[in-house]
Structure formats: structure tokens, C-alpha cells
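The values are calculated or read from the model by the stated rules, or taken from the named source; none is laboratory data. A quick note: this is a predicted structure, and the numbers were derived from the prediction, not measured. Neighbour counts run over all protein chains shown; Cβ positions are idealised from the backbone, glycine included. Side chains included, ligands, DNA and RNA excluded: accessible areas come from the protein's heavy atoms. Shrake-Rupley method; radii C 1.70, N 1.55, O 1.52, S 1.80 Å.
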Amino acid sequence: MKLTIDQRWDLIDKIAKQTVTFGEYRHTLKDAIGELTVKPFTGIPIAIAVMYAFWSIFGSFAGFFTDGFFVRLFDAYWLPWLQEVFPGQGGWLYAIMVDAGGIEGGEFVLSDNCLESFGVLTSGIFVAIGVVLPAIVIFYLMLALLEDIGYMPRLAVLIDTMLHKIGLHGYAIVPTILSLGCNVPGVTATRILETKKQRFIMMTLLAIFIPCGAQIGIMQDVIPGLMGWILLYLIIGYFIFGYILNKIVPGKAPEFLIDVPPYRRPMLSNIGKKVWGRITGFFKVAIPFVLLGAAIVGVLYQIGVIRFLGDALAPVFVGWFGVPKETAGPLIAAFLRKDLAVAQLSVIEMTEYQMITAVVLVSIYFPCVATFAMMLKEGWKELLGAMAVLVVVVFAYGGLIHLIGILLGVA
């Protein structure tokens, strides 16, 4: 239906009469809180407190369900039952589907926990359901709550100046935080940025430096004491390479205007729909890739590809990055699922600094295949550009972390 100019103005008048209320402005407590959370002097400490509370609740919730319930369920009941009923113990199919086990004194020995069994039906399901799902649920619940009460636009305003240093603006906080849940919706959310330069920088930084909720969940479970250092290295890399990209990528990085809405009471129906939609997406996208990743890595181990790559790349892993050559396997698995790769790293014998380096490498090494597919949808030129940046970053930043360790005497 086409409207004339007069008809459009009439329609605007009707909508304004129904939606706009005129009267004397009264400064309420809600307005005062809104101002405190958007002004830098008070807003930044509040933002730090909000993020601290966010991650404290995240860690407590995920740890409670994983360590308090799922670890016992899978290690005490699910794994022993499968080890007993699945036929062909010691064979290649048994190793891929249930338990790769180990050799002690020349005899095949079964694993005693799901993280070390590396089977599709054991490690694959345990990582997806027992570790990642609780982390994803609480992450999306907290994010939906912050969105619904109106805090996210204030966070965008607060961080706008900092993000301008790397060619982005406050809206970039949305894909960044979404990627902490899953990189796939994070890459999609880069479309809210105005220019190609901004979208390219954002997509590249997300693919390299932002760990997904699944990876964070498994880190929280298997290496909780090292999470702070790993996240610190990723945050520093995010801003260093963002600054460099802003200098070398041609294009514009315009200012942004945002209408900050008032605080409002969250609606359970809205939160429920958001959380359900995002968790459903996790089941459709992530779980199949976790199981597929476990199967492919199991096959590669069985036919000797992992050992061959470990030997071939040993000079790079040991000499340049300072990590054991056994990390070749997890790095290959990281292309399919980074959470699975971190679980594999946790059972390799190495120092704490090597573990920090190895997990940072897993994070920046390559986007998982689901994120890779989503980046391809955004354009093959952008994907190739991001991959070129990624290769440079892996060698430059991985080598730099090793150098820092040498200078500190811990590598």
C-alpha cells in the first residue's frame, strides 16, 4: 500500500497520540540509577561489578551441576555400563565409540573417567551434556536478563570510547558478548555494524580471541585455576590486534548514536523465549559437531595421523610455541570443537605455563567448523582475509607468549 506525504503525516500523528504522553517531567529513582550506570565515573565500577557477578554466578551454577551431578552420573554409571556392554573391547570401533584406554605393562587398560576415554558415546556426550549445557543455560539466562532490564545499551555507551581505539564502537559489545555464548550468533550479529571495515574487524576478532561458552565451560571444569591468565592473554590480544587491524584495514569507522531506554522490569516470557531459542540453536549446531569431532579425532588417532602430525610439527610446537608435540591432536580437534580440544589438553602432561599457552593457541588457532561456515556466509573474501590474519596472529602471538614465558623463567 502506497501512502501520500499527507497520509504519512496523518499516520505519524495518530501513532504519536497513542504512544506519547505529555506532562511535567519528574526525576525518579529509576532515572537516577539509569544515570549512575551510564556516566563513566560511576558506570565503569558498576559495570565491573556486574561482570564479576555475571561470571561468579556462571561459574557457581555450571560447577554445581557439572561437578555435583553430571561427573558422578557419567563416571560412576554411564562409562562403566558402556565399557561392559559395548562389544569388541580393545578394538578400533570400541576405541572410537567408547574408550581409547591405554597400555600399562603391555596390557590394555580402561579409562576411569569420561574426559580421558575419548569415545563418541562417553567423552562426546559428557562434554556436550555434562559440561557445556549447564554453562550455556546460565550464560544465556544471565545475558537475557541484562538485555531485558535495559542494561546492555548502557554498557555499549560506557565501552564506546575504548572500542573506537580498535575501529569499532559501542554496539560491538553485542556480538562480543553473544560470542561468549557461541561464535555463530556472534558472527551473525556483526551485521549491526555499519561499515565493511567494522564488520571485518569484528568478525576476525571474534573468530580468534573470543572463546565460546562451551570452551569457557570446559575450562572452568578442568583448569579453573588458569582461566584468569588465559582470558587475560585473550583480552590483551583482542585489543592489540584490533588496534593493528584498525590501522591497516581501509574503510570508515563512524560514530554511533544510541537511544538509551529506561530501566524496566524483566518479562519472564521474553527471557524464556530468548533462552529457549538460543539453547535450541546449541542443540542443533553444537552437539552434532561435538560428536562428529570426537569420531573424526578418534579415527585420526587410530590410523596414526595424529602421531604423524605431532612428529612432523614437533619443531614448531616445541621450538616456537614451547608446548609438547602431543598438543597436535587437540589442535586438530579444535577445528571441529574447541571445548573437546581443551578437554584433550587437560590430560596431557605439561607445566602450568605450557597449559596456558596451549589453551590460548587452541582459542586463537582456528574457528570451529560451525563458525567457519557462518563466516563463509558473510563472504568468501572476508573469510580469506580473516584466515590470513589468523595465521599471522597464531605465529606472532603464540611466539610472543612463549617469549614472555622465557623472560619470566617459567617456560
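For K325, which lysines qualify as cross-link partners when the Cα separation must be under 23 Å and same-chain residues fewer than eight apart are set aside?
K338
Pairs to check: K196/K247; K2/K273; K274/K381; K284/K377; K2/K196. Give those whose C-alpha atoms are more than 25 Å from each other in this structure.
As for pairs spanning more than 25 Å Cα to Cα, those are K2/K273; K274/K381; K2/K196.
Assigning unit charges at the beta carbon (Lys, Arg +1; Asp, Glu -1) and nothing else, what dipole magnitude in debye, to the nearest 20, does the chain show about its Cα centre?
That gives the chain a dipole magnitude of about 1680 debye.
Round to the nearest 0.05 the FRET efficiency obtained for M162 and I303 when R0 = 35 Å and r is the Cβ-Cβ distance.
After rounding, the FRET efficiency stands at 0.15.
Expressed in whole Å with the largest first, what are the equivalent ellipsoid semi-axes of region 133-195 derived from the C-alpha gyration tensor as the square root of 5 times each eigenvalue?
For region 133-195, the semi-axes come out at 21, 14, 9 Å.
In µm²/s, what is D for region 170-297 at 10 °C and 1.306 mPa s, where D = kT/(6 pi eta Rh) by Stokes-Einstein and Rh is the Kirkwood radius from Cα pairs?
94 µm²/s
Explain nothing, just compute: Karplus ³J(HN,Hα) = 6.51 cos²θ - 1.76 cosθ + 1.60, θ = phi - 60°, for every residue of region 232-238 in order, whole Hz, x for Gly and Pro.
4, 4, 5, 5, 4, x, 4
GNM on the chain, C-alpha springs below 10 Å: top fluctuator among S123, S56, S363?
Comparing S123, S56, S363 in the GNM, the peak value goes to S56.
Send over a whole-number figure in Å² for the accessible area per residue of the chain, probe 1.4 Å.
Here the residues of the chain average 51 Å² of exposed surface.
With a 10 Å cut-off between alpha carbons and a GNM built on the chain, which of R265, R191, R307 moves the most?
R265
Excluding same-chain residues fewer than 8 positions from K39, which lysines have a Cα within less than 20 Å of its Cα?
By straight Cα distance, K39 reaches K30, K165.
Quick one: the Cα spread of region 245-327 along its three principal axes, in angstroms, biggest first?
Taking the Cα atoms of region 245-327, the three principal extents are 59, 39, 22 Å.
Express the carbon and sulfur contribution to the solvent-accessible surface of the chain as a percent, rounded to the nearest whole number, probe 1.4 angstrom.
69 percent
For the chain, what is Rg from Cα atoms divided by 2.2 N^0.38 Å, rounded to two decimals?
1.11
With the Cα gyration tensor of region 1-75 in hand, convert its eigenvalues to equivalent ellipsoid semi-axes via √(5λ) and list them largest first in whole Å.
Semi-axes from the Cα gyration tensor: 48, 25, 11 Å.
Once Rh is set to the Kirkwood radius over Cα pairs, what Stokes-Einstein translational diffusion coefficient, in µm²/s, holds for region 297-373 at a temperature of 20 °C and a viscosity of 1.002 mPa s?
Translational D for this selection: 173 µm²/s.
Using the alpha carbons of region 22-131, what is the convex hull volume per residue in cubic angstrom, as a whole number?
So the per-residue hull volume is 187 Å³.
What 222 nm value per residue comes from the helices of the chain, counting each DSSP H run with n ≥ 4 as -39,500 (n - 2.57) and dividing by all residues, nearest 500 deg cm²/dmol?
Helix contribution divided over all residues of the chain: -21000 deg cm²/dmol.
Pop out the Kirkwood hydrodynamic radius of region 93-160 from its pairwise C-alpha distances, inverse of mean 1/r, in Å to one decimal.
15.0 Å
Could you list which residues have their amide H under 5 Å from that of S111, counting only those 5 or more apart in sequence or on another chain, with H placed in the peptide plane?
Amide H neighbours of S111, under 5 Å, 5+ apart: G101.
Using label points projected 7 Å from each Cα along Cα→Cβ, tell me how many nm separate I406 and L257, to one decimal.
So the label points at I406 and L257 sit 5.4 nm apart.
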